[in-house]
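The values are calculated or read from the model by the stated rules, or taken from the named source; none is laboratory data. Quick caveat, the model's predicted, so the values are computed rather than measured. Ideal geometry is used to build each Cβ from the backbone, glycine not excepted, and the neighbour counts take in all protein chains shown.
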Amino acid sequence: MIIKTIKSGLVLLAIASFSFASAQDKVEVLNEKAIKSFKSIDTNFDAAISLDEFKAKRMKDASKEEQIEKRFLKIDTDKNGSLSLEEYTLAFENRKKSMQKRILKKTEEDIKKD
């Protein structure tokens, strides 16, 4: 039991140390990726992503249209019907954080199984 606790603590400490040490670099890379993605979706170059532009780039299956529209509305925090670079970048970062949390949770579950 103590060994499992020590293993868990070491893994979490290593993850936290790595995350803290490279957080600034990750933010910059993440922002660059978000900006690149934003520009690829903004096909009319008006510095905003409309629902039609968002659907055109994100919807590969017509059955997912409602899901895509819900995601767009969630990201559109000022509810003006378009996504600014700031809204898009924030959503991009939040999605990345959510994925990291899921990975960490799975890692913790795997450790508990050992």
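Elements of the type helices (runs of 4 or more DSSP H) sitting completely within the stretch 1-69 and holding at least 1 residues that are modelled with pLDDT of 90 or more and out of contact with any strand residue (DSSP E or B) (no Cβ under 9 Å at 6 or more places or on another chain): these cover 23-41, 51-58. Evaluated against (1) surrounded by fewer than 12 Cβ atoms within 10 Å (Cβ to Cβ); (2) over 18 Å from the mean Cα position of the chain (by Cα); (3) of a type in the set (D, E, K, R), LYS74 falls short on exactly one condition, (2).
Selection of first residues in the stretch 87-114 that are farther than 18 Å from ILE35 by Cβ and of second residues that are assigned to a helix (DSSP H, G or I), restricted to Cβ pairs under 6 Å at least 6 apart or on distinct chains, gives the following pairs, ordered by first then second residue: ILE111/LYS7; ILE111/SER8.
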